[in-house]
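The values are calculated or read from the model by the stated rules, or taken from the named source; none is laboratory data. Keep in mind it's a predicted model, so treat the numbers as computed, not measured. Using ideal geometry, Cβ is built from the backbone for each residue, glycine included, and neighbour counts are taken over all protein chains shown. Remember, those area values only see protein heavy atoms, side chains included, never the ligands or the DNA or RNA. Shrake-Rupley method; radii C 1.70, N 1.55, O 1.52, S 1.80 Å.
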Amino acid sequence: KAGVTQTPRYLIKTRGQQVTLSCSPISGHRSVSWYQQTPGQGLQFLFEYFSETQRNKGNFPGRFSGRQFSNSRSEMNVSTLELGDSALYLCASSLSVSSGYTFGSGTRLTVV
Amino acid sequence: AQSVTQPDIHITVSEGASLELRCNYSYGATPYLFWYVQSPGQGLQLLLKYFSGDTLVQGIKGFEAEFKRSQSSFNLRKPSVHWSDAAEYFCAVGASTSGTYKYIFGTGTRLKVLA
């Protein structure tokens with residue numbers, strides 16, 4: 001059974017650019033969530049999508065956005081990148097709240 | 001507001017010693033409770049979960065956790081630690097907020113294992 005796949009694994013971008021990260025959830029999982037992980041702030045919730053609708057949103061600026069497609073694949077976009085956006089971005093999919101998440105290996109974004 | 005506290009940022013144990021990682025939560029009802037492990041540069045892996053029934057739950061890699069309602073705790077234990085257990089461990093709560101469920105993660109405990 002394939003796990004959660006995130007692409008790309010590593011990314012280097014310049015300040016001011018924009019970036020799109022991709023996540024393919026486990027087959028049958030309709031909930032996809034995104035987290036930002038940094039050494040200083042730990043795991044911070046970005047947003048959750050369920051059946052193509054944003055169901056929950058964390059406390060991030062509007063530069064961070066996402067979407068989910070009909071096949072449950074999800075993308076997140078960060079516009080006007082800042083140095084502080086350098087982080088490991090984790091995607092997680094879930095069958096239900098009681099099942100817990102299955103995480104992808106993450107995308108390591110470095111902004112220079 | 002719901003919250004999860006992992007009071008120990010770093011823990012060091014010798015290989016073969018027992019381990020207990022602490023987790024306390026704040027929530028009005030019994031939440032869904034989880035422990036995850038993260039190796040460097042990787043995503044998080046689910047170790048075990050609790051949402052009802054027997055308060056002692058078994059997980060993968062020889063880990064277990066005990067839910068104590070009176071203490072609002074869900075501590076993770078392992079009788080004998082292996083060098084490969086060195087990683088960061090996260091406790092999480094699945095809680096209902098504003099009519100939807102969300103997961104709340106603790107700040108993590110980094111485990112170092114001495115040979």
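Counting only the heavy atoms of the protein chains, how much of B:ILE11 is accessible to a 1.4 Å probe, in Å² to the nearest 10?
Estimated to the nearest 10 Å², B:ILE11 gives 30 Å².
Ordering A:ILE12, A:ILE26 by accessible area with a probe of 1.4 Å, largest first, what comes out?
Heavy-atom accessible area, descending, gives A:ILE12, A:ILE26.
Using Cα-Cα distances under 8 Å and only pairs 6 or more residues apart, what relative contact order does region A:1-46 have, in percent?
31
Out of B:THR30, B:THR12, B:THR100, any idea which swings most in a Gaussian network model of chain B, alpha carbons joined below 10 Å?
B:THR100
What residue among B:LEU44, B:LEU21, B:LEU76 has the largest mean-square fluctuation in a Gaussian network model of chain B, using Cα springs under 10 Å?
It is B:LEU44.
Of the chymotrypsin sites (Phe, Trp or Tyr not before Pro) in region A:1-92, which ones lie in a loop per DSSP and count no more than 14 other C-beta atoms within 10 Å?
For chymotrypsin sites (Phe, Trp or Tyr not before Pro) across region A:1-92 that sit outside H, G, I, E and B with at most 14 neighbouring Cβ atoms in 10 Å, the list reads A:PHE69.
Using a 4.7 Å Cβ cut-off, which Cys residues in the protein assembly as shown lack a partner cysteine?
If one checks each Cβ against the other cysteines of the protein assembly as shown, every cysteine finds a neighbour under 4.7 Å.
Compute the FRET efficiency between A:ASN71 and A:GLN17 as 1/(1 + (r/R0)^6), taking r as their Cβ-Cβ distance and R0 = 45 Å, and round to the nearest 0.05.
0.95
Can you tell me the FRET efficiency between A:SER79 and B:GLN2 if r is taken as the Cβ-Cβ distance and R0 is 35 Å, rounded to the nearest 0.05?
Given R0 = 35 Å and the Cβ-Cβ separation, E is 0.70.
Run down the lysines and flag those whose C-alpha is under 30 Å from the C-alpha of A:LYS57, throwing out any fewer than 8 positions away in its chain.
Of all the lysines, those that pass the test against A:LYS57 - Cα under 30 Å, at least 8 places apart if same chain - are A:LYS1, A:LYS13, B:LYS49, B:LYS102.
Short version: ³J(HN,Hα) in whole Hz for each residue of region A:63-76, in order, from phi by Karplus 6.51 cos²θ - 1.76 cosθ + 1.60 (θ = phi - 60°), x for Gly and Pro, what are they?
Rounded to whole hertz, the list is 5, 9, 9, x, 7, 10, 9, 5, 8, 6, 4, 10, 10, 10.
On a full-extension model of 0.36 nm per residue, what is the gain between B:THR12 and B:GLN42, subtracting their alpha-carbon distance, rounded to one decimal in nm?
8.7 nm
So what are the ³J(HN,Hα) numbers for region B:100-111, from phi and the Karplus equation (6.51, -1.76, 1.60; θ = phi - 60°), rounded to whole Hz, Gly and Pro as x?
Result, ordered by residue: 10, 8, 8, 9, 10, 9, x, 7, x, 10, 8, 9 Hz.
How big is the dipole moment of the protein assembly as shown about its Cα centre under a simple scheme where the beta carbon of each Lys and Arg is +1, that of each Asp and Glu is -1, and everything else is neutral? Debye, nearest 20, please. Write out the running numbers ahead of the final one.
Numbers: 21 positive and 13 negative charges, 76 e Å.
In debye, rounded to 20, the protein assembly as shown gives about 360.
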